[in-house]
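Input: a single structure, listed below in structure tokens.
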Amino acid sequence: MKPATTRAWAVVHTWTSLVSTVFMLLLCLTGLPLIFHHEIDGWLGVAAPAPLTAGAPASVDTLAARALADHPGRVIQYIGWDEHEPGLAFVILNATAGSHPNDSITVNYDAARAEKLGPASSALMQVVLRLHVDLFAGLPGKLFLGAMGTLLVAAIVSGVVLYWPFTRRLAFGTIRPRRRIAWLDVHNLMGIVTATWLAVVGLTGVINTLSEPLIGRWKATELDAMTQAHRGEPAVAANTSLDRVLATAREAAPGMEAAFIAFPGSGFSTARHYGVFLKGSTPLTSKLLQPVLLDAGTGAVADTRTLPWYLTAILVSQPLHFGDYGGMPLKLIWAALDIVAIVVLGSGLYLWWTRRRSAGAAAFALAEAR
Amino acid sequence: MRRVFAIPALVAVLTVAGLLSALLFEEAGPPISWLALGVPLLLLAWHLLRFARRRRPG
């Protein structure tokens, strides 16, 4: 690589990193407890699911009625079933069916006994989650973090390119003793072994920041087309049994289990339809949701079709971002890699800062590596 | 080029294999992912320990 080329990549690496580092540090630090949100919420006395009672789950109508009685003044937007805890149902309530998700509350219920267990997450973890997802700034906050994530990916790519000129005269894993050079070598070593993981977590995070506009697009196109055939028919007030809605939806998607019901007027349905989202049973097919739209008045199936590729991409990218799909050992690995990423970010900042004070040190390290 | 990127390329392949195995295979997937994704961490730990030991001999 010509020195001019190396310099150009170094400029890309320095500036993409510098602009995004503060936010990436925030994301790594808030992401660390979020890996264990289930366990932390458990320690904080939240959401401990009751032991499974044998037998069939309670009627969903009973569950919905209980939830409404438990939360006067609110309506149900969604009822869902926990991915990891069988027997655990969650109910998402809000002021109106169409109210913004940030104003909703999520309450856990024992699915077998239709009994309230408590809020689905602690106040602390909700704050950490909002910091991680949108900096308490809604969609603009999400898109901003998405842009920072894109810079991170650029920093990783340029970092991998620079790995060659900086280490080509060194055996893999060499850490030279002088303090600043040692940090440079540690930065290079930690960066190169975690590059793929961090790129995957970064990219899947960026994909997730686009979920709101993509869901909007799905509603405007696919969901709209799904209800086309029934447009103009007089709307019937929602009086159908939820259990019947669920059973009908299962018949329309054989072999699949319900993931959640979106109530009429909520984010994943229309004003006059229930949206029942069903999932498969393997780790991958459980991410491939099949929506069935049912008339809220008659309970009849309006239409069902697979999700478009862009929503499937979001759903499949989520476990790859969260690291919640391989048991506790995978969570621990996720945490360790996250801590390594924090050291890479911190050492990068240190290297930039000390180079500002002793100009030419990087050039020196480079010369020494040649 | 080949020498410099041999181990990083191996780590990258193992990382992708580890990330996908738990997603695609129900039974064997998670243990494979732990092993594969553990490699970059073990590699790192080994080189850091080696550095620490050499700095304080004895």
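The values are calculated or read from the model by the stated rules, or taken from the named source; none is laboratory data. Since this is a predicted model, take the numbers as computed values, not measurements. All Cβ positions, even for glycine, are placed from backbone atoms using ideal geometry, and neighbour counts span all protein chains on display.
List of remarks:
- Exactly one residue among A:Val200, A:Val206 is within 12 Å of chain B (Cβ to nearest Cβ), among the hydrophobic types (A, V, I, L, M, F, W, C) and in contact (Cβ under 8 Å) with a residue 12 or more places away in the chain, and that residue is A:Val200.
- Selection within the stretch A:156-185 - facing another protein chain (nearest Cβ under 8 Å), surrounded by fewer than 20 Cβ atoms within 10 Å (Cβ to Cβ) and assigned to a helix (DSSP H, G or I): A:Val160, A:Tyr163, A:Trp164, A:Ala182
- Restricted to the stretch B:14-58, and to residues there that are of a type in the set (S, T, N, Q) and at the interface with another protein chain (Cβ under 7 Å from one of its Cβ atoms), the residue that is surrounded by the most Cβ atoms within 10 Å (Cβ to Cβ) is B:Ser33.
- Of the helices (runs of 4 or more DSSP H) lying entirely inside the stretch A:272-370, those containing at least 2 residues that are modelled with pLDDT of 85 or more are A:309-322, A:327-357.
- The stretch A:13-28: number of residues that are buried (at least 17 other Cβ atoms within 10 Å of the Cβ) and over 26 Å from A:Pro165 (Cα atoms): 3
- Residue check for A:Thr150: more than 14 Å from every other protein chain (Cβ to nearest Cβ), under 30 Å from A:Trp9 (Cβ atoms) and out of contact with any strand residue (DSSP E or B) (no Cβ under 8 Å at 6 or more places or on another chain): yes
- Leading residue by the ranking (nearest to the other protein chains (Cβ to nearest Cβ)) among those in the stretch A:272-296 that are aliphatic (A, V, I, L, M) and in contact (Cβ under 8 Å) with a residue 40 or more places away in the chain: A:Val292
- Across the stretch A:314-336, the qualifying residues are those that are in contact (Cβ under 8 Å) with a residue 24 or more places away in the chain and facing chain B (nearest Cβ under 7 Å), and the one among them that is nearest to A:Leu288 (Cα to Cα) is A:Pro319.
- Total residues in the stretch A:71-96, condition in a loop (DSSP other than H, G, I, E, B) and surrounded by 19 or more Cβ atoms within 10 Å (Cβ to Cβ): 1
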